[in-house]
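Asker: I am attaching a structure below and will ask some questions about it afterwards.
Coordinate-derived values only; no laboratory data. Given the structure is predicted, the values throughout are model-derived calculations rather than measurements. Every residue, glycine as well, gets a Cβ built from its backbone with ideal geometry; the counts of neighbours run over all protein chains shown.
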Amino acid sequence: MSVPNLKKPESAPASDRLMSEISQLVMSLTGVQLGEKQRSMVSSRVRKRIASLGFKTDDEYAAHLKQHPETETAHLVSLLTTHHTYFFREFAHFEHLEMTALPNLIAEKRKSGQKKISIWSAACSTGQEVYSLAMFLDYYLTKNASDFTYEILGTDVDPASVKIAANGVYRAKEIQEVPLQFLGRHWARGTGDIADFVKVKSTLKARCSFEPMNLLKPSGRATQQKFDLIFCRNVFIYFNSDQIKSITKSLLGAMSDSGALYLGVSESLNGLGLACQAVGPSIYSHPPKKVEVKKGSVLPLTPKTEVPKQVARALRVLCVDDSPSIIALLKKILTKDLGFEVVGTAVNGLEAAQKLKSLEVDLVTLDIHMPEQTGLEYLKANYKPGHPPVVMITSVSREDASLPMECLRAGASDYVEKPSLSNLATQADEIRMKLKLAAKSKATNEGHDLVAAFAKSDNQIQHLDSKLRLVFCNESERSKATKLVQDFTGPQPKTLVLSSADEISQFFSSRTWSGKKLSVIVFGDVSPDVAKKISSLQPHQLILEDRSNRAFNPELRVLATEIIPATSFAYTSTEFFKRGAA
């Protein structure tokens, strides 16, 4: 393979010329558009690649690219084709599969005696979409058409991504967003050095295959058969309209007569003049076939009837959490236009039980750490047949399997770690997906084995002497802070409660924190002077108390790693110290 001689005018700076050559090389191979808007991304990623190879100049790297065109070009393709994906992305498409596409497909196939559903994930990246479809199909067919089977082909332009997909190994954190009922028994936890990873089992993997393929130059199995379902999501953003039209024609040509094509929910084929019709949110099918009428024949008249559109009622949700910030976030993501309505809130289990007596509720979101009655205590006292489904939304990590498992055994349908502003988009999708699924099905123990498998084998804080916890508060908050210290269980690092001016002054003059891993907790408000001193510590963890209508000190707000209710202080600080050896 030779590297095309594609260059900017010689008048351009040498660094710009190299980035332009690389952009055009990758564009010529993949069709992915890498113009001015992508220039900074290209430069950033290529610069990291050059540094990792130990080259000091662009000329050195350009020579390397010429000497190793096959291997280095493969690295560049992998670098510059984006691979942002996650399990069960855009759950609306899975709902369409369940309610419309699969029932229709199965009915059509039964007529012709076929019992296999063929699926093509045409931009599969590192495989999350393929295995999401496999988990979903396995679950759906087991319950609705147990005599049917399926096969999934995943293709991607990046060979490195295809290898990852075929290997089927992911960080355990990635599959936590998968609803428990779909996890089933399809994943195995690694051991030893790979204990934080999971591998897909043969129950799914045997039905999935992967090949590298360029959408602009179809090849391999994708050109040799018809597919009932084709997924090509969130990839058209990287192509121009002519390329999109060409790719879509190929996709439609590979789709069976009764098949469906799924694009990303923000992608559309409107205005391209393609022979297809929209049948759902960014979902397309072949247009209906024209009925040939022989000359002289008479077609029976069928009365035209208007079928009223049924608008699904919003799911009514009671949100139970003592964090005003989390309640505010849940109200933002559980809105009527997305099929939800927050009809009530409660700050603990006791208040939730009272609210349920007067509210008509379809679902409950429940925190664990709350005052007066925790989420787990609430479930044990109140969850019984007829209770609305419960999804835990809590700061407790699912890897801390003891509490999640107790909640699931007590009746909770599923488990989500609390959203924050930084991860709100992904977490919002996960929360809505799990709430919708909980509303449809009863809580089961499917997937519980995998949650239990990630229970921490060593649940103690190590190297206590290298760690220090500081609790800052006003004198009026000292009794609450003292009680917090009493709530800690198991071996703990040294914990200091600092409230008076003398205590704080003496501590800062001692410099006893130097070289230690610091967890700093702030109750309520502190003076600007104390806030500056806390900032000077540069703590590894800074927890602020989440209170209604609280105006945080700006200096601390910027540094805060957590803003949570005081009821979560002990757990969050302890979990921080358990992570890492130092």
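Asker: Which ³J(HN,Hα) values, rounded to whole Hz and listed in residue order, are derived for segment 463-468 from phi using the Karplus coefficients 6.51, -1.76 and 1.60 in 6.51 cos²θ - 1.76 cosθ + 1.60 with θ = phi - 60°, glycine and proline given as x?
Answerer: 6, 4, 5, 8, 10, 8
Asker: Could you give each residue of segment 124-140 its phi-based ³J(HN,Hα) in whole Hz, using Karplus coefficients 6.51, -1.76, 1.60 with θ = phi - 60°, and x for Gly or Pro?
Answerer: 7, 6, 8, x, 4, 5, 4, 6, 4, 4, 5, 4, 5, 5, 4, 5, 5
Asker: In addition: Counting other beta carbons within 10 Å of each Cβ, put C407, C232, C276, C124 in order, fewest first.
Answerer: Placing the least packed residue first, the sequence is C276, C232, C407, C124.
Asker: Assigning unit charges at the beta carbon (Lys, Arg +1; Asp, Glu -1) and nothing else, what dipole magnitude in debye, to the nearest 20, does segment 464-578 show about its Cα centre?
Answerer: It works out to roughly 300 debye.
Asker: Now for a separate question. With Rg and the Kirkwood Rh both taken from Cα atoms, where does Rg over Rh land for segment 91-285?
Answerer: 0.96
Asker: Assuming R0 = 22 Å, can you tell me the calculated FRET efficiency for the pair N167 and H75, based on Cβ-Cβ distance, to the nearest 0.05?
Answerer: 0.75
Asker: When a footprinting reagent is the concern and you count Cβ atoms within 10 Å, what order do E174, E477 take, fewest first?
Answerer: Starting with the residue having the fewest Cβ neighbours, the order is E174, E477.
Asker: So how far apart, in nm, are the two label points at V558 and A381 if each is 7 Å from Cα heading toward Cβ?
Answerer: That separation, rounded to one decimal, is 4.4 nm.
Asker: Moving on. Return the long-range amide H neighbours of V320 (sequence gap of 5 or more, or a different chain), with a cut-off of under 5 Å between placed amide H atoms.
Answerer: Amide H neighbours of V320, under 5 Å, 5+ apart: A346, T365, L366, D367.
Asker: Expressed in nm to one decimal, what extension gain is obtained for the pair D487 and A275 from 0.36 nm per residue of sequence separation less their Cα-Cα distance?
Answerer: Here the segment from D487 to A275 would lengthen by 69.7 nm.
Asker: Find how much the distance from S441 to K143 grows on full extension, using 0.36 nm per residue of separation minus their present alpha carbon separation; answer in nm with one decimal.
Answerer: Once the chain is fully extended between S441 and K143, it gains 106.1 nm.
Asker: For the pairs K249/K434; K48/K163; K111/K205; K494/K532; K201/K336, note any where the Cα-Cα span goes beyond 31 Å.
Answerer: Violating the 31 Å Cα-Cα cut-off are K249/K434; K201/K336.
Asker: Once phi is turned into θ = phi - 60°, what whole-Hz ³J(HN,Hα) does the Karplus curve with 6.51, -1.76 and 1.60 give for every residue of segment 142-150, x standing for Gly and Pro?
Answerer: 4, 8, 10, 7, 5, 8, 9, 10, 8
Asker: Grab the Cα-Cα distance for T100 and R45, subtract it from 0.36 nm times how many residues apart they are, and report the gain in nm with one decimal.
Answerer: Gain in length upon complete extension: 15.6 nm.
Asker: Name the residues of segment 506-523 whose amide N is less than 16 Å from a point 7 angstrom out from the Cα of D529 along the C-beta direction?
Answerer: 506-509
Asker: If the viscosity is 0.692 mPa s and the temperature 37 °C, what translational diffusion coefficient in µm²/s does Stokes-Einstein give for segment 84-162 when Rh comes from Kirkwood over Cα pairs?
Answerer: The diffusion coefficient I find is 246 µm²/s.
Asker: Within 10 Å of each residue's Cβ, count the other Cβ atoms and sort M213, M99 from fewest upward.
Answerer: The most exposed by this proxy come first: M99, M213.
Asker: Still on this structure, I have one more. With each label point set 7 Å from Cα along the Cα-Cβ vector, what nm distance links K111 and K336?
Answerer: 4.1 nm
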